[in-house]
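Visitor: The structure's right below; bear with me while I get my questions together.
The values are calculated or read from the model by the stated rules, or taken from the named source; none is laboratory data. Nothing here was measured: the structure is a model prediction, and the numbers come from that model. Glycine gets a Cβ as well: all are built from the backbone with ideal geometry, and neighbour counts include every protein chain shown.
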């Protein structure tokens, strides 16, 4: 069973991302803060995290990724794909340096998510494709 966690404090962006992820994953959860992410992960155990790096008053959201990579058990290796409205190559480079596996410029689309998953999540099989691949 494939699971995705979306972390975004914008209800609109989270809704759009969830609608795309629902087509690819068996189970999708949405949270709006880093604290909620830390509470949900131990029991939910996502295969991938789609994360806006600018959450609430945290303007340097890349520090969230660094924190997650620096010793939060499974979170230190769970692929994180950034969702951001910033499209500059410098922002993408900084996100990857912080520990992100990939970067999607908002709004999320099914094609953008699928491409990121193919590139950055080894062995990912979209929901419903298990029998086709087997």
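Visitor: Suppose we filter region 24-36 for residues that are surrounded by fewer than 21 Cβ atoms within 10 Å (Cβ to Cβ) and in contact with a strand residue (DSSP E or B) (Cβ under 6 Å, 6 or more places away or on another chain); how many remain?
Guide: Residues in region 24-36 being surrounded by fewer than 21 Cβ atoms within 10 Å (Cβ to Cβ) and in contact with a strand residue (DSSP E or B) (Cβ under 6 Å, 6 or more places away or on another chain): 3 in total.
Visitor: Somewhere in region 2-11, is a residue closer than 15 Å to residue 128 by Cβ, surrounded by 15 or more Cβ atoms within 10 Å (Cβ to Cβ) and at pLDDT below 95?
Guide: yes
Visitor: Any idea how many residues of region 14-23 are in contact with a strand residue (DSSP E or B) (Cβ under 7 Å, 6 or more places away or on another chain) and surrounded by 16 or more Cβ atoms within 10 Å (Cβ to Cβ)?
Guide: Residues that pass the stated criteria total 4.
Visitor: Now a separate question. Search region 119-134 for residues that are at pLDDT below 85 and pair each with any residue that is outside any loop (DSSP other than H, G, I, E, B) and surrounded by fewer than 10 Cβ atoms within 10 Å (Cβ to Cβ) when their beta-carbon atoms are under 7 Å apart and the residues are at least 6 apart or on different chains.
Guide: Taking only residues 6 or more apart or on different chains, not a single pair turns up.
Visitor: I'm checking my understanding of the structure. Among residues of region 37-46 that are surrounded by 19 or more Cβ atoms within 10 Å (Cβ to Cβ) and modelled with pLDDT under 95, which one is nearest to residue 73 (Cα to Cα)?
Guide: 41
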